[in-house]
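Below is one structure, written out as structure tokens; the observations come after it.
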Amino acid sequence: MSRRLGTLSAGAAIMGAVAMLTAGTAVAVTPYTTGTVQFTCNFPSIGSQQLDVVAAFDGPDSVPSGGTATPTNLHGTATISSQIHALLNAANYDGVRGKANVPVVATNATPVNSTVTNVNVPEQIFPYVPGPLTIQIVQDAGTGIPTLTAGSPGVASLSLNTTLNAQLEFHKKSGTWSAWTFNCNVKAGQNRAFSPDMPVT
């Protein structure tokens, strides 16, 4: 939680360094990121609460029509308000760890719907300090990243889908861990798109 909490910007969202086209040519890298996207998630002991997710990845500056690219350096943050942080503290929770799955939607690229799997929510213990709390989410060796195929010339884009989920463990101040299936649904009116759009040549 960054002191703020865990998804998923699950990441909190997609990828970094060098992307390869079908021809095998390395291209320049651009960072792509969402703004803050508000989700409602089921927290242990305190029920449905808001989670603010920011997701990011690195991808090529552009992709030729019919070319492929695999985003890298997926990362993000998941933040809870000071009020939710205080509720978790009162319920004796002070840490989190686990894996998140982040569904994404592509425009002018295929597959249209895919999921970034097993994004790492590294173990984070946070002795209570009043205020918002942010959890870091990162790609690791076990993260599954979809390869995208560009559509017609113009632009392609990626967006977070409307749900996030994670298999988490929440840490109690007593030192024990409790498994928790963490499910989130986007709140109405959120801009879920990564920016900028990716040129398709």
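Given (1) farther than 30 Å from G67 by Cβ; (2) under 17 Å from the mean Cα position of the chain (by Cα), identify the lone condition not met by P146.
Failed condition: (1).
Could you list, in sequence order, the residues of the range 92-131 that are among the hydrophobic types (A, V, I, L, M, F, W, C) and not in a strand (DSSP E or B)?
V112, F126, V129
Name the pairs: first residue in the range 148-177 and at positive phi, second residue polar (S, T, N, Q), Cβ to Cβ under 9 Å, at least 6 apart or on different chains?
Final answer for the pair search is G154/S65; G154/N108.
Out of the residues in the range 20-39 that are under 16 Å from T147 (Cα atoms) and modelled with pLDDT under 90, state the one that is least open to solvent (accessible area, probe 1.4 Å).
L21
Residue by residue through the range 147-201, note down the ones that are open to solvent by 60 Å² or more (accessible area, probe 1.4 Å), assigned to a strand (DSSP E or B) and under 17 Å from G59 (Cβ atoms).
Of everything in the range 147-201, those that are open to solvent by 60 Å² or more (accessible area, probe 1.4 Å), assigned to a strand (DSSP E or B) and under 17 Å from G59 (Cβ atoms) turn out to be V155, S195.
Among the residues of the range 56-114 satisfying the criterion of being more than 19 Å from I46 (Cβ to Cβ) and in contact with an Asp or Glu (Cβ under 6 Å, 6 or more places away or on another chain), which is surrounded by the most Cβ atoms within 10 Å (Cβ to Cβ)?
Selected residue: T72.
Out of the range 40-55, which residues are within 12 Å of the chain's Cα centre (by Cα) and open to solvent by 10 Å² or more (accessible area, probe 1.4 Å)?
Those that are within 12 Å of the chain's Cα centre (by Cα) and open to solvent by 10 Å² or more (accessible area, probe 1.4 Å): D52, V54.
Tell me which of these V121 doesn't satisfy, since it passes every other one: (1) farther than 19 Å from N108 by Cβ; (2) among the aliphatic types (A, V, I, L, M); (3) open to solvent by 60 Å² or more (accessible area, probe 1.4 Å).
Of everything listed in (1) farther than 19 Å from N108 by Cβ; (2) among the aliphatic types (A, V, I, L, M); (3) open to solvent by 60 Å² or more (accessible area, probe 1.4 Å), V121 misses just condition (3).
The values are calculated or read from the model by the stated rules, or taken from the named source; none is laboratory data. Nothing here was measured: the structure is a model prediction, and the numbers come from that model. Note that we place each Cβ from the backbone using ideal geometry, even for glycine, and neighbour counts take in every protein chain shown. Side chains included, ligands, DNA and RNA excluded: accessible areas come from the protein's heavy atoms. Shrake-Rupley method; radii C 1.70, N 1.55, O 1.52, S 1.80 Å.
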